[in-house]
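Laboratory data are not the source of any read-out in this text; all were calculated from the coordinates shown. Keep in mind the model is a prediction, meaning the values are calculated, not measured. Note: ideal-geometry Cβ built from the backbone for every residue, glycine included; neighbour counts use all protein chains shown.
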Ligand SMILES: NC(=O)c1ccc[n+]([C@@H]2O[C@H](COP(=O)([O-])OP(=O)(O)OC[C@H]3O[C@@H](n4cnc5c(N)ncnc54)[C@H](O)[C@@H]3O)[C@@H](O)[C@H]2O)c1
């Protein structure tokens, strides 16, 4: 079993919980985050904890992981860290996009749309291509990304991100289809509404979303980052070797429940 995982967006929310969980599972953690101001403090808390759990087998980089220069600069370092061994997991858990509607007071611009789809969708493809070319994804490696119900439901402020989610799902499906023959699988995990930093940025009505979700969800609560981390941990088990090109729901049945 490979000993390292690579998490894009590993400082807060789902990415941070996954880093902690996989650190506890025994993996070394390589992670990217992009935090300024107050967010840096949260990042430091996560890094300190992951550092402790892993006994120092932890490398966090605070830079834009969606930039090609970042990939080209850091992939050689990643190779050094893993001693050339493939990573067990490449996880995309980045939240960085424009949360606005397509029409109305602030209609999304082409630049915002392109940026959102690139950072939250296409960037996973370029990371996968470059890691694969370097032998850092190989038999047993998993590629994963996080998706949401916004992949097929229209929601306030979620238009551009929903396009990115659909793009990411298509990319994941195609990666799994092309690389499955080499034992590399690709899957999306669909999380339910989770109170994280990103959620508060989607809409001013996020608190109402949370209350509504608790009523709507068959299990009467929102998803936690730890739920998602546990699912990802489970998907790294050898028993999940044959799960490929799929969307795995980690939402307590929320997306199967009609609105009330
Ligand atoms: N919160 C939810 O309700 C929910 C539901 C389903 C799916 N998701 C998805 O989960 C993923 C993680 O979101 P979250 O809710 O944990 O949010 P979050 O804001 O807590 O975490 C986002 C992470 O992305 C990092 N980041 C942002 N821009 C980056 C960049 N350019 N380069 C590197 N790192 C960058 C941040 O530093 C942070 O670590 C997102 O793709 C989001 O769409 C969230």
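Brief remarks follow.
- FRET efficiency, residue 201 to residue 226 (Cβ-Cβ, R0 22 Å, nearest 0.05): 0.55
- Convex hull volume per residue for the chain, taking Cα atoms only, in Å³: 125
- The long axis of helix 159-179 is offset from the longest Cα principal axis of the chain by roughly 30 degrees.
- C-alpha long axis of helix 39-54 to longest principal axis of the chain, angle in °: 40
- Here r is the Cβ-Cβ distance between residue 174 and residue 3 and R0 is 25 Å; the resulting FRET efficiency, rounded to 0.05, is 0.35.
- The chain - mean residue ellipticity at 222 nm from DSSP helices (-39,500 (n - 2.57) per run, n ≥ 4, rounded to 500): -13000 deg cm²/dmol
- Contact order relative to length of the chain, as percent, for alpha carbon pairs under 8 angstrom and 6 or more apart: 20
- Taking the C-alpha atoms only, the angle from helix 123-133 to the longest principal axis of the chain is near 10 degrees.
- Cα→Cβ-extended label distance, 7 Å offset, between residue 52 and residue 211, nm: 3.6
- The chain: most fluctuating residue of 15, 176, 104 per GNM, C-alpha cutoff 10 Å: 104
- Among 179, 102, 137, 8, the order by Cβ neighbours within 10 angstrom, fewest to most, reads 102, 179, 8, 137.
- Centre separation in Å (Cα based) which lies between the stretch 127-170 and the stretch 1-72: 18
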